[in-house]
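A.B. asks: First, the structure itself, so that you have it in front of you.
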Amino acid sequence: DYRLIDQDRGKLPLSLSAGGGFYRSHYFDDGLEELDYMIADPRLSLGHKTRFSGHDMAVDFGGFYRHAWLGDADYYDAWGVSALIAYAITPGIHARVVGEWTTTTFDETPAFPTYFGRDGDTWSATAALSAWALGNRVWLDAGYTYELEDASGIQLAYAQHRGFARTYIDLPARFRLGL
C-alpha cells in the first residue's frame with residue numbers, strides 16, 4: 001500500500017489513499033497440470049480522522065476493482081465499496097468495524113467450467129483489534145469476518161465465518177509489507 005496524501009489532523013480534513021496488490025498462488029485440479037491463480041487488486045479510499053470521547057477515531061469510504069486470471073484465461077472481474085470505522089482504545093491498540101459489498105462477474109474458464117454463470121453479490125462485515133509493536137514498525141491484526149454470498153446461476157448462496165491473524169511490517173517511504 002502507498003498513502004497518496006498523508007497529513008496531520010489539523011492541516012486537511014480528508015486523506016486520499018491509493019493501494020493495491022498482486023497475488024499469485026497455484027491450484028492443482030485432480031492431478032492435472034498446475035494452474036497459476038493471479039489477482040490484481042487496485043484500491044482508492046477517502047478518509048477522515050477526528051477525536052471522539054478523547055480518543056482518535058477514523059472513518060474511511062473506499063472502492064476497489066479486482067481482476068483474476070486462472071492459468072492463461074480470465075477468471076473473474078469484481079468491484080465493490082467498503083466503509084470503515086476505527087477507534088483508538090489506547091494509543092497503541094485500535095478496534096475497527098468494516099462493511100463491504102462486492103459484485104463479481106465470472107468468465108468461462110476451462111479448468112472450472114461450473115463457475116461460469118456464478119455471478120453475484122457478496123456482503124461482509126469484519127470486527128478486528130490491531131496493536132502496534134516494536135516502535136510502531138510492526139502491526140499485529142486479529143479479527144473475525146462474516147460473509148454472505150448471493151450468487152446467481154448454478155451456484156447456491158452461502159455464508160461463512162472465519163477468524164484471521166495478520167502481521168504487517170512498515171518499510172521506508174510509507175510502504176507496508178504484509179505477512
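The values are calculated or read from the model by the stated rules, or taken from the named source; none is laboratory data. Predicted, not measured: the structure shown is a model, and the values here were computed from it. As a convention, Cβ positions derive from the backbone with ideal geometry for all residues, glycine included, and neighbour counts pool all protein chains shown. These accessible areas exclude ligands, DNA and RNA; they are computed on the full protein's heavy atoms, side chains included. Shrake-Rupley method; radii C 1.70, N 1.55, O 1.52, S 1.80 Å.
A.B. asks: Condition first: touching a Phe, Trp or Tyr at 6+ places or on another chain (Cβ under 7 Å) and not in a strand (DSSP E or B). Can you find one or more residues in the stretch 69-79 that meet it?
C.D. replies: no
A.B. asks: Please work out which residue is modelled with the lowest pLDDT, limiting yourself to the stretch 30-80 and to residues that are open to solvent by 70 Å² or more (accessible area, probe 1.4 Å) and within 16 Å of Ser124 (Cβ to Cβ).
C.D. replies: Arg43
A.B. asks: Here is a follow-up. What is the number of the single condition among (1) open to solvent by less than 70 Å² (accessible area, probe 1.4 Å); (2) part of a strand (DSSP E or B); (3) modelled with pLDDT under 75 that His26 does not meet?
C.D. replies: Answer for His26: the failing condition is (1).
A.B. asks: If we keep just the residues of the stretch 84-95 that are among the hydrophobic types (A, V, I, L, M, F, W, C) and open to solvent by less than 40 Å² (accessible area, probe 1.4 Å), which is nearest to Ser17 (Cα to Cα)?
C.D. replies: In this case the residue turns out to be Ala86.
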